[in-house]
Structures are given as C-alpha cells and as structure tokens.
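Heads up, the thing below is written out as structure tokens.
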Amino acid sequence: MKTISVEQMTGIIQCFLSLLACILAWIIPEKIKWEQTYNSLCDVYRSTEYGAAIQAIVDFFVFDCSKDVSKIDSEYRKRFLHDFYPNLEVDPQEASLEDCRKVYIDSLKNDVTDNSKILHYQRRLLVQFFYEIDLCANSIFIGKRRIGKDYTSKEADILKILFYIDEAIKDDPVLMKDISSFECVPSPNHVKGINKGISRLYHLLKKSKREMEV
C-alpha cells in the first residue's frame, strides 16, 4: 500500500487551507453586506414614513374599499386622480389621458401638493421595501426562516392589498402611462460627461425583463 509522505500531506493541508481562506474571504464580506442591508431595512421598518405608509394602505382598503378586494381597481383610480389631478372635473372612472393633461398643465402654475401624503408614493415605498425583504429571504445569509420569524401574517395581508393595487395599475392606461416610442429614433450614445453613464445604463436596462414600478 502506497503511503503519503510528510511533504505530500503538508501540501494537501496547505491546498485545503488556501481553499478555505478563499471561501472565507468571500463569505465574510458577503455576510457583513447582507447584515447591513437587513439592518437598514429594519431601520426603515421602525421609521415614521413606513408606519404612515402602512396606515395609509390599511385606511384605503378599510375605508375607501370597505374591505372589498373587487373595489380596489375603481377606488385606487379615484384616489390616484384625486391626488395627482385634484381639479379634474370629470368622473374619475371616465377620465382620459387628455383630461389629466389639462389638469396637469394647470397644476404647474400653482403646485402645492404634499407628496408625503399621496397614497401612490406610500404604496411605492412599501413595494420597494418588501421587494428588498424578498431579496433577503432568498439570500443564504439572511434566509426565509429569519424573515418568517421577524415578520407576521399581517404583513402578508398588506402584501395582498399591494398585489391587487399593482394589478389595477397595470390594466389602466391612465395610471400606467405608456412612455415607449415605436418611432425609429437613435439610441442615446454619449461618449463623455455624465451622459456617458446614462447611455451605458440605457443599453443595460433596455434588455431588462423587470417591469418598472410606478
């Protein structure tokens, strides 16, 4: 039977330790990064802005929709138009893009809207928050078990409301305005200054399959 010499054993141990060092050199910074991300989300969770956004979504569902999911489409449209186009003179359910355009032009002359109280922005804050929580849940450094321990079924109820609001937005041409263009126009292609970064990001994101959050 062939025996392994001391030199060979030493070489094997050194290779193993080198591999272990490489693995730890990746794991430790990644662990720190994810912990910092999660701690930042916990700070958001404890913030006044988050609490106000949760309360706004709950009030919308309870008072505006009477806890009826089927009313979310019409009631969210009504709130959206009220918040962004308060001087709209037509029925919210019949409002068109042209109606909104006229109100928008008038609003530019005297815009005193308190954006912090707009339901649409509060919804966006929550959607982005829970998106990042989902990233943490699917990370090996945080994981589903920890998220399940730190959050409750009440958050699941909020997520259900956010889901139906998102569905309402996608199906409404007034809420989800089409900003794409079918004209054959040149792509942004700047070579210097801040616009160079914009061009690079444009070419990266135009291939993205993720939808924009509005």
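For the list (1) free of Cβ contacts under 8 Å to residues at least 24 places away in the same chain; (2) open to solvent by 70 Å² or more (accessible area, probe 1.4 Å); (3) under 22 Å from residue 169 (Cα atoms), I need the number of the one condition that residue 73 fails.
Of everything listed in (1) free of Cβ contacts under 8 Å to residues at least 24 places away in the same chain; (2) open to solvent by 70 Å² or more (accessible area, probe 1.4 Å); (3) under 22 Å from residue 169 (Cα atoms), residue 73 misses just condition (1).
Does residue 15 satisfy the criteria of being of a type in the set (A, V, I, L, M, F, W, C), more than 30 Å from residue 171 (Cβ to Cβ) and open to solvent by less than 40 Å² (accessible area, probe 1.4 Å)? Break it down into steps so the answer makes sense when it comes.
Numbers: of a type in the set (A, V, I, L, M, F, W, C): yes; more than 30 Å from residue 171 (Cβ to Cβ): yes; open to solvent by less than 40 Å² (accessible area, probe 1.4 Å): no.
Judged against the criteria, residue 15 is not a match.
Every residue in segment 35-57 that is outside any loop (DSSP other than H, G, I, E, B), of a type outside the set (Phe, Trp, Tyr) and either within 19 Å of residue 135 (Cα to Cα) or open to solvent by 50 Å² or more (accessible area, probe 1.4 Å) (or both), please.
Correct list: 35, 36, 37, 39, 40, 41, 42, 43, 44, 48, 49, 55.
For residue 135, state whether it is at pLDDT 85 or above and either basic (Lys, Arg) or more than 22 Å from residue 178 (Cβ to Cβ) (or both).
Numbers: at pLDDT 85 or above: yes; either basic (Lys, Arg) or more than 22 Å from residue 178 (Cβ to Cβ) (or both): yes.
Answer is yes for this residue.
Residue pairs, Cβ under 7 Å, 6 or more apart or interchain, first in segment 33-45 and closer than 18 Å to residue 148 by Cα, second small (Gly, Ala, Ser) and open to solvent by less than 50 Å² (accessible area, probe 1.4 Å). List them.
34/139
Among 84, 63, 80, which is open to solvent by less than 50 Å² (accessible area, probe 1.4 Å) and either free of Cβ contacts under 8 Å to residues at least 60 places away in the same chain or of a type outside the set (Lys, Arg) (or both)?
Checking each option against the conditions leaves just 80.
The values are calculated or read from the model by the stated rules, or taken from the named source; none is laboratory data. This one's a predicted model, so the numbers in the text were calculated from it and none came from an experiment. We place every Cβ from the backbone using ideal geometry, glycine too, and count neighbours over all the protein chains shown. Ligands, DNA and RNA are stripped out before the accessible areas are found, and what is left, the full protein with its side chains, is counted by its heavy atoms. Shrake-Rupley method; radii C 1.70, N 1.55, O 1.52, S 1.80 Å.
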